[in-house]
Amino acid sequence: MTFDRIGLQVPQILLPKPGTDMQRWAVIACDQYTSDRNYWQRLEQQTKGAISTLNLIFPEVNLEDDDAEQRIEKINANMENYLADGSLVEQPAGFILLDRKTAHVDSRKGLILALDLEQYDYNKGAQSLIRATEGTILDRLPPRIKVRRNAPIELPHIMVLIDDPKRTVIEPLFEEKLETVYDFELLENGGHLTGYRVDNPQLIAQVASALEALADPQAYRDKYQVDDEVMLYAMGDGNHSFATAKAIWEQLKEEADDKVAIMDHPARFALVELVNVHDSGLEFEAIHRVLFAVNNANMLTEMERFFSQRGTPFSFVPCDSLADAEQQATSTDKQHSFHCVLAGKFGLCCIDQPEYTLVVATLQAFLDQYLANNPQTRIDYIHGNQSVTDLGSQDDCAGFYLPAISKHDLFKTIILDGALPRKTFSMGEADEKRFYLECRKIK
């Protein structure tokens, strides 16, 4: 069942067979702990001998390993085996309602459904129903495309946001008596996850009707004071996974002999978790930057030159401690400041008369040029201050701490200004990220 006007499909979800150890089945998104091999090695030990989504994903920490092609082949083979041996069981068409407790919040609510890739465009200036919130890094797509191209199933860590201040879409479902389909503790401080089946036609219609009301063109234009096309869905987490699904779908359409029949292909849709940006359990966290193999003295010199050439003078202030640097890091329209740790020494970077609205955009503009001129230096995007401090305290490393943006400004900012700089915000801390669990056939 599909609702074309709101880009919604009621999916047939695959869940692990009854009796599965759900704690060992579900693992965190592949783009987390990308500089922490120990985390992923612990998962391998914890899930050893069990059916697990760890066997179905390619952790980004391993992307540069020599066995990438063999790993992808094994992932696809594992998917085929899980389908063939009954490890995955197809459920009646419907949604899954989620309630996630983490170490940081008591409850974060979500709804698993499928969205139409025909109504998604990640390009700059897009006016599509589903839009990217951050710049899409195209060179991050090829390894993901390799995994998905021959995959018989998808399993998402994608979280998509709706702007529903009156809580009309997801929250009313918690007032219903629903069947519990899973209820368990997640690994590695992931919290507790409960899922409920939503397959009653009246409740499905209720969800669709509420989304249609949010997508009403006149209501939308009155709400945001714009004349643009409606944006109902904004990418939260997993933008590159959603973009990968889009790329595969476009390839399938291009290669299809029957251009009409292909439109019913299951790969036209992608499974996601829908989250209300106004959910009290949803917090936006900053995504920090860490550089590896960097000459910090040279970098500061280059930073001063970069900003001075733009007429936005740069200054660096050494600080005695992280707390001292944090206390001094205040930004206004006329100055951006952010604290850093350079091989264990803390400091404050200040830029006067910045070109950009967001601090992250100011820093990223420099980092893009610096990395292009210094190919030996590698960047990683890090969640959590402590991880930045730990990594930035190593020799030849630098860590930059960035402020979080307000979640309540997200939709209007995207509508008015377009996609934000890449890796601008994170929906919660690293251990709050979505865990792989539900699957869906895409072939």
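Observations
- Applying both filters, DSSP loop and at most 11 other Cβ atoms within 10 Å, to the trypsin sites (Lys or Arg not before Pro) of region 257-342 gives Lys259, Lys334.
- Candidates Ile170, Ile162, Ile204: whichever shows maximal mean-square fluctuation once the chain is modelled as a Gaussian network with Cα springs under 10 Å: Ile204
- Among the GluC sites (Glu not before Pro) within region 39-93, those in coil by DSSP and having at most 16 neighbouring Cβ atoms inside 10 Å are Glu64.
- Cleavage-rule hits, chymotrypsin sites (Phe, Trp or Tyr not before Pro), region 353-443, DSSP coil, Cβ neighbours within 10 Å at most 15: Tyr356
- When the listed pairs Lys101/Lys166; Lys223/Lys407; Lys345/Lys433; Lys109/Lys412; Lys101/Lys407; Lys74/Lys423 are checked against a 24 Å cut-off, the alpha-carbon distance exceeds it for Lys345/Lys433; Lys74/Lys423.
- Order of Val360, Val260, Val61 under a 10 Å beta carbon neighbour criterion, fewest first: Val260, Val61, Val360
- If you sort the three axes of the alpha carbon gyration tensor as a ≥ b ≥ c, you get a/c of 1.5 or more for region 288-401 and a/b no higher than b/c, which makes it oblate.
- Of (1) 42.8; (2) 30.7; (3) 22.0, the label for mean projected area of the Cα convex hull in nm² derived from the coordinates: (3)
- For Lys253, neighbours were defined as the other residues whose beta-carbon sits under 10 Å from its Cβ, and their charges (Lys and Arg +1, Asp and Glu -1) total -2.
- Which of Ile382, Gly86, Thr357, positive extreme of dipole for the chain (C-beta unit charges): Gly86
- Computed extension gain for Gln386 through Asp21, at 0.36 nm per residue and net of the alpha carbon distance, reaches 128.2 nm.
- Helix-only [θ]222 nm of the chain, DSSP H runs n ≥ 4, -39500 (n - 2.57) each, per residue, nearest 500: -9000 deg cm²/dmol
- The convex hull drawn around the Cα atoms of region 343-419, when projected onto a plane and averaged over every direction, covers 6.5 nm².
Each reported figure results from applying straightforward, stated rules to the coordinates on display, with no laboratory input. The shown structure was predicted, so the numbers you read here are calculated from the model rather than taken from an experiment. With ideal geometry, Cβ positions are generated from the backbone for all residues, glycine too; neighbour counts draw on all protein chains shown.
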